[in-house]
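Have a look at the structure below before the remarks.
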Amino acid sequence: MTALQHALSAISLFFVTTLHAAAQSGIDPTLAAQIAIIPAIDNHAHPLLSPPAYATDRNFDALPVDNMEPATDAAGLRPDLPALHEAWQSIFHFNGNPPLDAAGLKQLEAAREATRREQGEAYATYILDRANIGTELANRVKLGIGVQPPRFRWVPYVDALLFPLDNSALAAATPDRKQFFPLEDKLREKYLQQANLKTLPPTLDLYLKQLVTPILEQQKSQGAVAEKFEIAYLRSFGFDDVPQPEAARIYATLLHTPHPDPAQYKRLQDFLFRYIAHECGRLNMPVHIHTTSGGGGYFDIAGDNPLLLEPLFNDTRLRKTNFVLLHGGWPFIHEIGSLLQKPNVYLDLSQQSLMISPRTMSTWLREWLELFPEKILYATDAYPYSQSMGWEEAAYIANQNIRTSLGMALTGMMQDKQITELQAEKLAHMVLRENAESLYKF
Ligand SMILES: [Zn+2]
């Protein structure tokens, strides 16, 4: 088949499967057809670079979670997920039934390799086309081959700037953090170089002026549209409002002290978090915060309760900063929804769109849509999860799941006469792209 024939057959397969799924799920068919054709803005994902950089790319995450001690994987991330079949077929023209054995995985890899060779530098945008994503926010340490504007927009990481002191005691807290803190230390070294500094400045004032602000400004000038915190992997939420003189004293006294007092160090991090959030507001970059139970068997779920962030959102000095809570907040579904009443707080559907069934997600989505519909953002969290599910399959499956759950939620609201068909279509456009367009001023 020619490329055009491939594209046409994929589009018709897409419509047939979408409408078939809609009929089975009780979604209004007119609405389903509308939802199916809107190219989405994906608020959060980790695309890999196109070939030839694909094979060696490690910049898809500041804290890659693929080397952690075993945890119990959510069922949606396991190799026997039925939805993988259609994703493999649509993206790689590979016919296989999950779970694949070793020989099947080899054949899948050969099919993927053939697609990568065929697509070359256009590979990453080809994946977006397969998943019906118009624009994807790429949460990466840096962009590269094939992952470039306008289809991809950059969201870098800033956690490294929160931890300028000796982190060996924090790293000792869990086996996961033992891996994470050296990665943050390395990233901060890179940021030092980028700011033309050889060592950390001796005072907090200089640290802010010579490192923190210049890095944020640099990233903004290089196309960053938001800044991402993975802080939930490194410590709990709950940021006290610490006066700058106190933070400055802690910084100057403890800068070269091994194992700094944890309570004092936390006060410094708390100050830095607010400073960075404030700077992001000045630079018109929303702040992305990981808010859901995260990867690994040592993740601090209680410390990740989004209500702990409320004092930040109620800080009048931070009202010019927009915050986007990533991943739907599970298990704190109702708590996170309540925070959307703050004018500067948004929520995205990433990760939940993979791990939670459309039926279950549609009930959460409906609750949020009934309350604050202009605050909900489509997102996949496409990520290289496993041999069976690369970022490609994850993008494809999350996209299907979101559109199905959105159709279910809106059909339910129509049937209950809460909204008209016209309003349902409007809400679909908002979640799939318009809310993101107004937040990022695309
Ligand atoms: Zn992510």
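The values are calculated or read from the model by the stated rules, or taken from the named source; none is laboratory data. Since the model is a prediction, treat every value here as computed from it, not as a measurement. Here the Cβ is made from the backbone with ideal geometry for all residues, glycine too, and neighbour counts use every protein chain on show. Please note that ligands, DNA and RNA were not included when accessible areas were found on the heavy atoms of the full protein model with its side chains. Shrake-Rupley method; radii C 1.70, N 1.55, O 1.52, S 1.80 Å.
Quick notes
- Figure note: GLU86, GLU184 ranked by solvent-accessible area, largest first, 1.4 Å probe, ligands and nucleic acids not counted: GLU86, GLU184.
- For a label point 7 Å along the Cα-to-beta-carbon line of GLU109, residues of the range 36-63 with backbone N under 14 Å: 55-56
- Within the accessible area of the range 151-305 (1.4 Å probe), percent carbon and sulfur: 55
- Kyte-Doolittle mean at least 0.5, axial Cα span of 20 Å or more - DSSP H helices of the chain: 3-25
- Protein-only accessible surface order, largest first, of LYS426, LYS375, LYS220 at 1.4 Å: LYS426, LYS220, LYS375
- With a cut-off of 15 Å on the backbone N, the residues of the range 327-344 near the modelled label site 7 Å out from THR360 along Cα-Cβ are 328-334.
- Here the range 74-96 is scanned for amide nitrogen atoms under 14 Å from the site 7 Å beyond the Cα of GLN387 along Cα-to-Cβ, giving 79-80.
- Altogether, the Stokes-Einstein calculation at 37 °C and 0.692 mPa s, with the Kirkwood radius of the chain over Cα pairs as Rh, returns a diffusion coefficient of 146 µm²/s.
- Simple label model, 7 Å out from Cα along Cβ direction - ILE37 to ASP261, nm: 6.6
- Förster radius 60 Å - calculated FRET efficiency between MET414 and ASN67, Cβ distance, rounded to 0.05: 0.80
- Note that the chain presents 41 Å² accessible area per residue, ligands and nucleic acids not counted, probe 1.4 Å.
- Distances between placed amide hydrogens fall under 5 Å for ILE301 paired with no residue 5 or more residues away or on another chain.
- The chain - mean residue ellipticity at 222 nm from DSSP helices (-39,500 (n - 2.57) per run, n ≥ 4, rounded to 500): -14500 deg cm²/dmol
- Note on ARG319 and GLU370: with the Förster distance fixed at 41 Å, the Cβ-Cβ geometry gives a FRET efficiency of about 0.95.
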